[in-house]
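Have a look at the structure below before the remarks.
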Amino acid sequence: MAQSSQSPAYLTTPIYYVNDRPHIGHCYSTVVADVAARYARLIGGTSRPVFFLTGTDEHAEKVVETARQRGLTPLQWADLNAAEFAKAFELFGCSHDDFIRTTQDRHKNKVQQYITQLQEKGDIYQGDYTGWFDPSQEEYLTESTAKEHNYTSPVTGKPLVKRTEKNYFFRLSRFEAALKQHIEQNPGFIRPEARRNEVLGRLREGLSDVPISRAVVAGDEASAWGILMPSDPGHRIYVWIDALFNYLSTVDTPERRQFWPPKVHVLAKDILWFHAVIWPCMLMALGQSLPHCVYAHAYWVREGRKMSKSLGNFVDLEVIHKYIAAYSRDAFRYYLIAQGPQDATDADFAHTKFIEVYNSDLANGIGNATSRVGNMIDKYFGGILPDAKGITKLDDQPAFDWPAITKAAVTSAIAKVEVMDLSGALAEGLGLVRKVDSYINATEPFKLAKKIPAGDSSNQSPESQRLAAILSHCAEALRVASLLLSPALPAKMAALLETWSCTPDTSLPLLTLADWHGPSSLKPGQKVSKGEVLFMRAEGSEITP
Ligand code: MSP
């Protein structure tokens, strides 16, 4: 179910456990959603309403224990760490519109309302539950998953425990057929494809009802940390159910209602089942429409090894700060998106790879091409964009049909964003940069400049007109490239567009595909300044990660 490019777009990230310190994994998901949100604004136009949400999940039992060890209340501890996450996302320049915390009343009150509605509809009932519980993840596993992992946690490897509880249950089984049908009829509902197949495979085992509460034990503070079941203070709503509702509670207000359903929930493979199965079934029970896409990327590993507490090898904020200080925030964002685990395969964070990509795509790519073209316009035309006099293609260079080339790149980037192929969309921008490089190599404007007859100060000679056409083609192609790259490189591309006097006009009602070639394109006579070097070449020895 694709959305129109102008309809309101709502994008979310997982809400992160406040017991963890932010690391590259959390930052990656948030930057992915940020880049997708920026593309949604760019593609849909300046008047398209876009809402991007991130936040923290604060009702895990572990929060109580850790807070106690530190002599804090659970909320004080959550406050500290929620601020860490907010700071981390600020470090990356994320453009979220709101930051939800599950300890906020605006969320808690709504969750109780949703649970009451589900009880009234008969989709929540009371019963006994016995199952394999993973204390490290606070979740029950099915018998087959528990067995498959030898009764240890698939995530941490710690032993599972058998638990029996009086519980409230959500009637998940009632929605099995409807969910299967939805997934089958909407190929884009779960992305990437491999994850969709995984979910469909697991659904063949059938769905049983799931517990959605935990008993509150007298004297055990942790058991009461969270949102209580409405009209039953003896039970607390299970943290996962509480957390999933954040996506709805945040926009369940008259002004934000237009954003429902989400365009995309961004998350990783570890929490796909909750998002692709339990959450949609709860939404169906509530009579809410389903998200357009649940997108589960794979994991970052580091220098070939899984990141873990025991190895102490997380790409944490300390490491991230070093990279950002040495190579810029935008370069780090670019690397995450261009090289990240956006499909089903894990991606390796390796220093040599970072430097290689930085140099080839940024320093020698967009950075070099724009400075080359800016310098030539400066040198040969006094920093004023020359007039191509309507020539869009040189007769002896039929392969370089610029309007067709830029249009194809934009069209293809838009199609890629739609399927969450963000690295593919960036590659379209970079592809234009590479094309400009080959055009310069094929036409050699620096040699042509030397052939301009002396005294041709008004640029009338054929050489001068050819040079004007070449540089104007290059500049316009690079303008489009920089727009396509701007969701990953917002600050650097904004700086470039400014030195080229072509900051997109946000007063235009829409900045659509057509506008990229029309109102916002470069005009002869515009100032194209040299500007600063966007990305200095890197040696790799600037930092010791
Ligand atoms: N609180 C739950 C989510 C509730 S959403 C309603 C949770 N939190 S978490 O802090 O553990 O975050 C998990 C998410 O962090 C993953 O789904 C992913 O988005 C991100 N990542 C954590 N480690 C990661 C990697 N190593 N690589 C990529 N992303 C990873 O689960």
Next on the checklist: I want to confirm something. Restricting to the range 175-199 and keeping residues that are within 19 Å of His297 (Cβ to Cβ) and among the hydrophobic types (A, V, I, L, M, F, W, C), which single residue is surrounded by the fewest Cβ atoms within 10 Å (Cβ to Cβ)?
Outcome noted: Ala194
Checklist entry - Is it fair to say Asp343 is more than 16 Å from the ligand (Cβ to nearest atom) and either surrounded by 15 or more Cβ atoms within 10 Å (Cβ to Cβ) or at pLDDT 95 or above (or both)? => result no
Checklist entry - So, in the range 212-229, of the ones that are buried (at least 17 other Cβ atoms within 10 Å of the Cβ) and in a loop (DSSP other than H, G, I, E, B), which residue ends up farthest from the ligand (Cβ to nearest atom)? => result Val216
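Is it the case, given these coordinates, that Pro261 is more than 15 Å from the ligand (Cβ to nearest atom) and in contact with a strand residue (DSSP E or B) (Cβ under 9 Å, 6 or more places away or on another chain)? Give the derivation first.
Working: more than 15 Å from the ligand (Cβ to nearest atom): yes; in contact with a strand residue (DSSP E or B) (Cβ under 9 Å, 6 or more places away or on another chain): yes.
When the stated conditions are applied, Pro261 passes them.
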Checklist entry - Here is a list of conditions, (1) over 19 Å from the mean Cα position of the chain (by Cα); (2) within 15 Å of the ligand (Cβ to nearest atom); (3) among the β-branched types (Val, Ile, Thr); (4) under 22 Å from Tyr10 (Cβ atoms), and Thr253 meets all of them except one; can you say which number that is? => result (2)
Checklist entry - Out of the residues in the range 108-124 that are in contact (Cβ under 8 Å) with a residue 60 or more places away in the chain and farther than 17 Å from Ile227 by Cα, which is nearest to the chain's Cα centre (by Cα)? => result Asp123
Next on the checklist: Taking the criterion of being over 26 Å from Tyr295 (Cβ atoms) and without any contact (Cβ under 8 Å) to a residue 12 or more places away in the chain, would at least one residue in the range 233-245 satisfy it?
Outcome noted: no
Checklist outcome for this item: Checking Arg191, Arg174 in turn, the sole residue that is modelled with pLDDT of 95 or more and in contact with a Phe, Trp or Tyr (Cβ under 6 Å, 6 or more places away or on another chain) turns out to be Arg191
Checklist entry - Which members of the range 323-347 meet the condition of being among the β-branched types (Val, Ile, Thr) and touching a Phe, Trp or Tyr at 6+ places or on another chain (Cβ under 6 Å)? => result Ile324
Item to check | Positions within the range 385-416 being in a loop (DSSP other than H, G, I, E, B) and more than 21 Å from Gln526 (Cβ to Cβ), in sequence order | outcome: Lys393, Leu394, Asp395, Asp396, Gln397, Pro398, Ala399, Phe400, Asp401
Next on the checklist: Every residue in the range 1-35 that is aliphatic (A, V, I, L, M), crowded, with 24+ Cβ neighbours inside 10 Å and within 18 Å of Val264 (Cβ to Cβ), please.
Outcome noted: Ala9, Leu11, Ile15, Val31, Val32, Ala33, Val35
Checklist entry - So which residues in the range 307-338 are of a type in the set (D, E, K, R), within 14 Å of the ligand (Cβ to nearest atom) and modelled with pLDDT of 95 or more? => result Asp316
Checklist entry - Quick one: how many residues across the range 1-60 are near the ligand (Cβ under 8 Å from one of its atoms), part of a helix (DSSP H, G or I) and at pLDDT below 95? => result 0
Item to check | Complete set of residues in the range 269-304 that are within 12 Å of the ligand (Cβ to nearest atom), surrounded by fewer than 20 Cβ atoms within 10 Å (Cβ to Cβ), under 30 Å from Thr352 (Cβ atoms) and not basic (Lys, Arg) | outcome: Asp270, Ala298, Tyr299, Val301
Checklist outcome for this item: Scanning the range 140-167 for residues that are surrounded by fewer than 18 Cβ atoms within 10 Å (Cβ to Cβ) and within 16 Å of Val239 (Cβ to Cβ) gives Val155, Arg163, Glu165
Checklist entry - Does any residue of the range 161-179 turn out to be in a helix (DSSP H, G or I), among the basic types (Lys, Arg) and within 27 Å of the chain's Cα centre (by Cα)? => result no
Checklist entry - Pairs under 8 Å by beta carbon, first residue basic (Lys, Arg) in the range 292-310, partner part of a loop (DSSP other than H, G, I, E, B) and within 9 Å of the ligand (Cβ to nearest atom), six or more apart or different chains? => result Arg302/Phe314; Arg302/Val315; Lys306/Tyr299
Next on the checklist: Considering only the range 346-360, I want to know if a residue exists there that is more than 12 Å from the ligand (Cβ to nearest atom), in contact (Cβ under 8 Å) with a residue 24 or more places away in the chain and in contact with a Ser or Thr (Cβ under 8 Å, 6 or more places away or on another chain).
Outcome noted: no
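The values are calculated or read from the model by the stated rules, or taken from the named source; none is laboratory data. Bear in mind that the values here come from a model prediction, so they are computed numbers and not experimental data. Cβ sites come from the backbone with ideal geometry, for glycine too, and all protein chains shown count toward neighbours.
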